[in-house]
Amino acid sequence: MNYAAIKNCDIANGPGVRVSLFVSGCTHHCPGCFNEVAWDFDYGVPFTEEVMDKIVDMMRPDYIKGLTLLGGEPFEPQNQQGIVQLLRKVKAQLPQKSIWAFSGYLFDKDITSGRLGDTREYLSYLDVLVDGPFVEARKNLSLRFRGSENQRLIDVPASLESGKVVLWQDWQGEGRGMRG
């Protein structure tokens, strides 16, 4: 797996100040994508143990609320193993931090259906998933934490528990949908 960028002190991709990992590789190729360069799986830098340790260290300050995974596409099957290794480290060392992911895949049709492989462990670490492809015709700059109106903010623990999609409603980043 390669990654395109790591952003420290990101305030655009989830509540509070976060560390964001932009992975390389995406097969969606959404027209109007903000990160077209990251479609190529070979773009960027190899994702190593040292990179994972750097991300965990960047997350240690109290003002960092969590980690956000973006792309490219974090749920592409070839990206999942590296991300799960990172998430294991984060939850073992910083269990109070929230974890968000953005995906062009749909939670209920692609991610939990087994179509992308076994995602159970991956999902067990997530607090919120922003799902759905970016649709340029439905672009809306007033939306918080998403680019187009078809995208959903999903409370992953509540959705897994109930067996149906539960939307995340807590815009303050506290309480329901945010562990810790």
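The values are calculated or read from the model by the stated rules, or taken from the named source; none is laboratory data. Bear in mind that the values here come from a model prediction, so they are computed numbers and not experimental data. Glycine also receives a Cβ, built like all others from the backbone with ideal geometry; neighbour counts cover every protein chain displayed. Surface areas here come from the heavy atoms of the whole protein model, side chains and all, with no ligands, DNA or RNA. Shrake-Rupley method; radii C 1.70, N 1.55, O 1.52, S 1.80 Å.
Once you treat every alpha carbon in the chain as an equal point and sum by Debye, what is log10 I(q)/I(0) at q = 0.13, 0.19, 0.20 Å⁻¹?
These q points yield log10 I(q)/I(0) values of -0.59, -1.42, -1.60.
Roughly how many debye, to the nearest 20, is the charge dipole of region 21-172 about its Cα centre, given +1 on each Lys and Arg Cβ, -1 on each Asp and Glu Cβ, and no other charges?
On the way: 16 positive and 21 negative charges, 82 e Å.
Result for region 21-172 is approximately 400 debye, rounded to the nearest 20.
Just want the answer: with Cβ charges of +1 for Lys and Arg and -1 for Asp and Glu, which residue in 85, 165, 102 is farthest toward the dipole's positive end in region 27-180?
165
Which residue, 147, 114, 66, tops the fluctuation ranking in a GNM of the chain built on C-alpha contacts under 10 Å?
Judging by the Gaussian network model, the answer is 114.
Which whole-number value in Å² is the accessible area per residue of region 1-153, probe 1.4 Å?
Per residue, region 1-153 has 45 Å² of solvent-accessible surface.
Mean-square fluctuation check for the chain, GNM, Cα pairs under 10 Å: which of 138, 146, 18 is largest?
138
Tell me, what is the Rg over Rh of region 48-133, with Rh the Kirkwood radius over Cα pairs?
Rounded to two decimals, Rg/Rh equals 0.96.
Between 38, 12, 137, find the one with the highest GNM mean-square fluctuation for the chain; connect C-alpha pairs within less than 10 Å.
Highest fluctuation of the listed residues: 137.
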